[in-house]
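Peer 1: Next up is a structure, given as structure tokens.
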């Protein structure tokens, strides 16, 4: 599916550019997204840190729920400390991901290159997204 060294297959840019959103009402889809990601080191670093943060959090959960060593399941203090340790690491990594994502939007985001694509539509609806996340957080907090 993806292009190899012998020019067989499709490039990621071609796949993103050819994607048409369902119904046609969602703007230009993913056009311009490949160049945005390739030209911004902060976007790449933010995506990499976000992926690593999620993986670290999953490692913490799996180490807690599926202990790999025989006696660690009986030592609750060690098990809780390992879980907390990995969740702290995941939190710090995710903080870096959010920081580099914000740096990308401040420094590297190009309005003309991303006109009416997925990234621009997300920014157009940021007030609605933030208010819904706020209501969900309040609901979970008071629940």
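Peer 1: Would a scan of the stretch 117-140 turn up a residue that is in contact (Cβ under 8 Å) with a residue 12 or more places away in the chain, on the phi > 0 side of the Ramachandran plot and in a loop (DSSP other than H, G, I, E, B)?
Peer 2: The answer is no; no qualifying residue exists.
Peer 1: Still on this structure, I have one more. Any residue in the stretch 68-75 that is at negative phi, assigned by TED's automatic domain parsing to the domain that holds residue 105, in contact (Cβ under 8 Å) with a residue 12 or more places away in the chain and in contact with a helix residue (DSSP H, G or I) (Cβ under 8 Å, 6 or more places away or on another chain)?
Peer 2: no
Peer 1: Tally time: how many residues in the stretch 90-116 are loosely packed, with under 15 Cβ neighbours inside 10 Å and part of a loop (DSSP other than H, G, I, E, B)?
Peer 2: The total comes to 5.
Peer 1: Here's something else I'd like to know. Would you check which residues across the stretch 9-35 are touching a residue at least 24 places away in the same chain (Cβ under 8 Å) and within 11 Å of residue 117 (Cα to Cα) and list them?
Peer 2: The answer is 26, 27, 28, 29, 30, 31, 32, 33.
The values are calculated or read from the model by the stated rules, or taken from the named source; none is laboratory data. Predicted model, so just to flag it, every value in this text is computed and none were measured. When we count neighbours, we look across all protein chains shown, and the Cβ atoms used for this are built from the backbone with ideal geometry, even at glycine.
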